[in-house]
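Working notes, beginning with the structure itself.
The values are calculated or read from the model by the stated rules, or taken from the named source; none is laboratory data. Predicted, not measured: the structure shown is a model, and the values here were computed from it. Neighbour counts run over all protein chains shown; Cβ positions are idealised from the backbone, glycine included. Ligands, DNA and RNA are stripped out before the accessible areas are found, and what is left, the full protein with its side chains, is counted by its heavy atoms. Shrake-Rupley method; radii C 1.70, N 1.55, O 1.52, S 1.80 Å.
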Amino acid sequence: MHPDPAFRWPKSANDHHDADERAALEAMIANIGFGMVFAGTPDGPRVAHVPVFSTGDGALQFHLSRGNALTRHIAENKALCVINGPDAYISPDWYGLDDQVPTWNYLALELEGTVRQMEREGLISLLDDLAEQNEAKLAPKTPWHRDKMDAAKFDRMVDAIVGFEMEIVAWRPTAKLGQNKPAEARKNAAAALDATGRRAMAHLMQEFGDT
């Protein structure tokens, strides 16, 4: 999480009692659907790049291959998941202000919690949830479902992975979108960024820069 409170989003770092704020974070997880899970192992810190699914009740689910360096050590231990949104380099020339320096704007969410290993039934449910959530983004495509697979082959593939669930105890979101700059300077930078094709970050700066 960025150390400057101006870049913390929503309003607080850990107390997400506001339903709209929590919904915004849940929507970020669902929309991006992919993150990096960090944890310690006897061989040192390791990271896994994984699809993620929020249960909506304070837990984050993911799966790892049995050969992953984290698989044998992550259960019953604390881990950190980072979900990255859009990012972009910001040139100081774009602000229209003197004595500025280059920076990088970004949207990110850090989730911390203790991890438990899921039973096989839970893992299969996770796989179904991930497919359903991500296939829905491809509409009007007819959604894929595992019923299209040979059942025996699906079972063999399930045997090759392990499901995990993190009970989230800390939500640390960052939205570094130029909130420390005057409104006109942010507007100028967002317009210049949009012209370079980085429209996602430009949109975020325009939409959330005043929050």
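Side notes on the structure shown:
- Given charges at beta-carbon only (K, R positive; D, E negative), |dipole| of the chain in Debye: 520
- Exposed trypsin sites (Lys or Arg not before Pro) absent - longest run of the chain, DSSP non-H/G/I/E/B, at most 14 other C-beta within 10 Å: 142-211
- Comparing 26, 76, 112 in a Gaussian network model of the chain where C-alpha atoms under 10 Å apart are linked, the largest mean-square fluctuation is found at 76.
- Solvent-accessible area of the chain (1.4 angstrom probe, protein heavy atoms only): carbon and sulfur portion equals 52 percent.
- Sorting 144, 94, 171, 9 by accessible area puts them as 144, 94, 9, 171; the probe is 1.4 Å, largest comes first, and only protein heavy atoms count.
- Residue with peak Gaussian network fluctuation, the chain [Cα springs, cutoff 10 Å], from 58, 96, 122: 96
- Each Lys and Arg contributes +1 and each Asp and Glu -1, all at the Cβ; summed about the Cα centre of region 105-163, the dipole is approximately 240 debye.
- For the chain, a Gaussian network of Cα nodes joined below 10 Å ranks 86, 143, 173 by mean-square fluctuation, and the top entry is 143.
- Within the full protein context, the accessible area of residue 34 is estimated at about 100 Å² for a probe radius of 1.4 Å.
- Value at 222 nm in deg cm²/dmol, rounded to 500, when DSSP H runs of n ≥ 4 in the chain each add -39,500 (n - 2.57): -9000 deg cm²/dmol
- Here the extension length gained between residue 169 and residue 128 equals 12.2 nm, from 0.36 nm per residue of separation less the Cα-Cα distance.
- The stretch between residue 22 and residue 49, if pulled fully straight at 0.36 nm per residue, gains 7.3 nm over its current Cα-Cα span.
- Rounded FRET efficiency, nearest 0.05, which uses the C-beta distance separating residue 82 from residue 157 and R0 of 22 Å: 0.25
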